[in-house]
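To keep things clear, I will list the structure first and then write my remarks on it.
The values are calculated or read from the model by the stated rules, or taken from the named source; none is laboratory data. Predicted model, so just to flag it, every value in this text is computed and none were measured. Cβ coordinates were reconstructed from backbone atoms using ideal geometry, including for glycine residues, and neighbour counts include every protein chain displayed. These accessible areas exclude ligands, DNA and RNA; they are computed on the full protein's heavy atoms, side chains included. Shrake-Rupley method; radii C 1.70, N 1.55, O 1.52, S 1.80 Å.
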Amino acid sequence: MPANLQNNMKQIAHIIVFISLLVISGCGNNHSLRQLPHLGHTPYQQDSILVAYAVNPERALVLLDSALVIGNISDYRGQFIRAKIYCKSLTEQRIDSAITICTALLNHDSVRNEPTEQANILDMLIATARAKTDYEAYLRWATQKAELCQQQGEETERWRTEADIGLIMTTLGQEDEGLAKLDEAISHLDAPGSIDRMDAFVVACKRKINALSSLKRYNEVIPLGQRILDRLDHYEQHAKDYAEDSYRLSWSDNPSDRDRYLDFSRAQAWGFMATAYSHSLTPDPSPRGEGSNYQKAREYLALFDQSGYGKTFAARRFIAPTQMALGMYDEALATYDEVERRMAADTLNEDYAIILRSRAIAAREKKHYAEAYYYQTRNAELSKVLSDSLMKGKAHDYAARYHAQEQQLQIQEKESEAQRSHIISVAIAVIALLAIAFAVYFFHQKRIVTEKNRALVRMINEQAEEPLTPLAHREEPQEGLFYTIDTAIRTERLYANVSLQRQDICDRFGISRHALNDLLTEYAGGLSFPQYVNNIRLEEALRMLRYESSKTLTTIANEVGFTPANLREQFKRKYGMTPADYRQNQ
């Protein structure tokens, strides 16, 4: 496509978007057109879109689509922001869309090697699971994020997420374990010095407040709310002491973000405290003087209403039950009117059922019984529809899961069967190769051992050809006492006596043990008496093995004064091979 044609098409797209935005803005208000910013300015940038969606999600989506057309935002970032907007929606369809987008984004090339992006997407999945009260998914995504943070050494973010896990555990009935985990997270984060840690501390406190509220332990909520306010006050008074180390929070480029953050966090703390005080009232909230729980609840409610966050859609939904608990029925009904306007036709949900029930309560308290009956009837009808829809949805979901699981099992079974067949074939081939290799190795080693044994036998036989007399006599033959003793032991087969002792020889030849030791030292190479006798036995055993093949090894052992095991051990120690190997290689 020619470059000038591309430029023309881009200009046309800019004009179309500009006109569309003029029409949308004109339909929504009567502001002058000069208030609309030019293309490319902040309304078409990521930050402005994310600011807009907190007040007007539909306008934020329009701005997002415009930014994508203009090219100010990449497709990936556009999907990310769309999921962020959808996950705040009350519409179940949009929340499901957010889950689908986030699940796909986790496999995106821009995310796989970016732990920060993974953490951001897991945050949105955690938010959607919380909105759908899907505790299984909530726990799964929170655990995955905590593990990711621990791997990356992000301890602050890890403990922020551990607080989510503590809330889930409490919700699932593990109250002691859940609250203990929440306390552990708060303890790790309870130290000034970092904006990120401060925000994580605030989040952990809010998670514990949610857990305590679900357990109706409202008296414990109040000090936690005050801890949030104290930490925010400390930050505001000592802002320079807090390092900007967070990928979530940084006021460097836009200091007004800091004011919005403080407004949002304080407003939530005020709302929590107003709710806690309202639930601490007696059934008859007549004591309404200064310092009473009723008065404190009203004071914190007023602070909440005056905040910027208090005017948002999420805030109005959050605070309406507190207004009801304080008996502020007109204010609560006005809040519900505002919420209904923003909900438009999206009334097939639990939030609208709560509104109908609250309207019935307010009408009854104001003695408008017909109106109360009307709203109560509508609430009952809607509750039945929601219950039926929920049961059908669950049944459909279970059926879909069952069929998907069944198909998956069939696929896995076929894959496993093919894999088993392949493994068996490979195993048979490997075993056959190993068997061949082992056989070759075995016969090769056997031949080597046989050759070594034969060489050893030849060497033993050569040594055995020498006279079987002590070394001293072979070198210096002489008559003497030692030769007489040696001859007697050999010729009279004294060595065959297993129990032959040194003293037996001393007694026979009338010499002392010391004298016998001296003879052995002089003429037997310093051998001890047992060693000397064993040498004679081994020499005789060697002779029998060479020339008396009819005798068994047991017979030979017995005839020379050994047990079979002792003969084997002594023979191998002296000649380097067993008697059986010697005889076999003769």
With θ set to phi - 60°, apply the Karplus curve 6.51 cos²θ - 1.76 cosθ + 1.60 along segment 114-130 and write out the HN-Hα couplings as whole Hz, x wherever there is a Gly or Pro.
10, x, 5, 5, 4, 5, 4, 5, 4, 4, 5, 5, 5, 5, 5, 5, 5
Amide H within-cut-off set for Ser194, under 5 Å, with H built and near neighbours excluded
Ala243
Protection proxy ranking of 67-76, 166-175 - average other beta-carbon atoms within 10 Å, highest first:
166-175, 67-76
Compactness of segment 147-222, expressed as Rg and Dmax over alpha-carbon positions, Å
12.2, 38
Could you run the Karplus curve 6.51 cos²θ - 1.76 cosθ + 1.60 with θ = phi - 60° over segment 297-312 and give me ³J(HN,Hα) per residue in whole Hz, x for Gly and Pro?
4, 5, 5, 5, 5, 5, 4, 4, 5, 7, 6, x, 5, x, 9, 7
Rounded to whole Hz and in sequence order, give me ³J(HN,Hα) for segment 329-345 from the Karplus expression 6.51 cos²θ - 1.76 cosθ + 1.60, θ = phi - 60°, writing x for Gly and Pro.
5, 5, 5, 5, 5, 5, 5, 5, 4, 5, 5, 5, 4, 6, 6, 6, 8
XL table Lys206/Lys366; Lys84/Lys296; Lys311/Lys366; Lys84/Lys311; Cα-Cα > 32 Å flagged, in table order, is Lys206/Lys366; Lys84/Lys296
How big is D for segment 517-556, in µm² s⁻¹ as a whole number, if Stokes-Einstein is applied with the Kirkwood radius of its Cα pairs at 20 °C and 1.002 mPa s?
189
Find, to one decimal place in angstroms, the Kirkwood hydrodynamic radius of segment 71-203, where the mean of 1/r is taken over every pair of different Cα atoms and then inverted.
15.5
On a straight-distance basis, which lysines could pair with Lys572 in a cross-link, Cα separation under 28 angstrom, same-chain partners fewer than 8 positions away excluded?
Lys446, Lys452, Lys551
Counting only protein heavy atoms and leaving out ligands, DNA and RNA, the solvent-accessible surface of Lys551 at a 1.4 Å probe, in Å² to the nearest 10, equals 50
Average Cα contact separation per residue, segment 97-182, under 8 Å, 6 or more apart, as relative contact order %:
19
